[in-house]
Amino acid sequence: MALTAYRWLLCLYPRSYRDEFGEEMVSVFRHARSELPPAVAAKISFYWREFCGLLSGALRAHFDRLFGPAMPLRRFNMQPQFRFPRSTVFLMLVIFAGTVLTIAKAASVAGGLAVWPSLVSVLMFMLLTMCTAAVVVWGILHTLRRSGVHRLENVQVEANRNR
Amino acid sequence: MKAFALSEPVLLVLLSLAEQPRHGYSILKDVEALSGGRVLLSTGTLYGALQRLLSDDWIERVEEDKTPRDRRTYRLTSRGRRNLQMEIERMRHLTRVAALRVARKEA
């Protein structure tokens, strides 16, 4: 069953990646699984690590395919100017929540209703916004992939080579 | 590919291949041994690193006729070895500076 799930998750990778590494990955996974210690904690840890590794790997493979290896996704090719501290993300979320609350408060005052929106409704709104943003980003990436814009870099390389 | 700074998993994969050519599972176990059991690579992480290193010509596949497709062997290229040596030199410099600063602070 775990092997079936693993193969299913491999489908998240681009086809070219699967063709090149798929069989090897399944083989290594099978080998590693056969040598797992009997402890349940070790098994859970192993499957969790594999699950997360496959998801993040598939995401990176798609980004690499779209934008080439110059896309600053990893530390080993990340430029300092692209680094984005996690604390900034947290602060942005806090500011966003504050802005939403302020707008809601202003709207309620203007409407004569001095009622603050509940925390649940704010969180729901934020969740909805993030989901919408994710769908939009996915749509843009999908459109870019369909348009073949990622092949432009290869054209450029070929042009330089022919010079 | 920009050489510096390498992430720890990538550095360990390169160090593993610096000793001898290895196939995927062998790299996985060697990385675990090299790090004293601290770094446990998933297959997704391992093959993500291998794919990037292959495309940047830091490693290459060992072409053997009888090697099955699911057990291919990888080795460092001369470029990969050179870059690994540069990275080790960078780390050596960093540890030297760090040791000096810590010693100065303690004195």
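The values are calculated or read from the model by the stated rules, or taken from the named source; none is laboratory data. Keep in mind that what you see is a predicted model, and the values were worked out from it rather than measured. FYI the Cβ positions are ideal-geometry reconstructions off the backbone, even for glycines, and counts take in every protein chain you see.
Scanning the stretch B:40-98 for residues that are over 13 Å from the mean Cα position of the chain (by Cα), of a type in the set (Lys, Arg), within 14 Å of another protein chain (Cβ to nearest Cβ) and farther than 15 Å from A:Glu24 by Cα yields one hit, B:Arg90. The number of residues in the stretch B:1-26 being over 20 Å from A:Phe21 (Cβ atoms) and either buried (at least 16 other Cβ atoms within 10 Å of the Cβ) or of a type outside the set (Asp, Glu) (or both) comes to 9. If only residues of the stretch A:5-62 that are assigned to a helix (DSSP H, G or I) and of a type in the set (Ser, Thr, Tyr) are counted, the one that is surrounded by the most Cβ atoms within 10 Å (Cβ to Cβ) is A:Tyr17.
So, of the residues in the stretch B:22-34 that are without any contact (Cβ under 8 Å) to a residue 24 or more places away in the chain and either under 12 Å from B:Leu12 (Cα atoms) or in contact with an Asp or Glu (Cβ under 6 Å, 6 or more places away or on another chain) (or both), which turns out to be farthest from the other protein chains (Cβ to nearest Cβ)? Taking the candidates together, the pick is B:Leu34. Tell me, which residue of the stretch A:1-48 that is among the charged types (D, E, K, R) and over 17 Å from A:Ala61 (Cα atoms) is farthest from the other protein chains (Cβ to nearest Cβ)? Among those that are among the charged types (D, E, K, R) and over 17 Å from A:Ala61 (Cα atoms), it is A:Lys43.
Kindly evaluate B:Lys29 against the criterion of being more than 19 Å from A:Asp19 (Cβ to Cβ), out of contact with any helix residue (DSSP H, G or I) (no Cβ under 8 Å at 6 or more places or on another chain) and either at pLDDT below 90 or small (Gly, Ala, Ser) (or both).
For B:Lys29, the condition - more than 19 Å from A:Asp19 (Cβ to Cβ), out of contact with any helix residue (DSSP H, G or I) (no Cβ under 8 Å at 6 or more places or on another chain) and either at pLDDT below 90 or small (Gly, Ala, Ser) (or both) - is not met.
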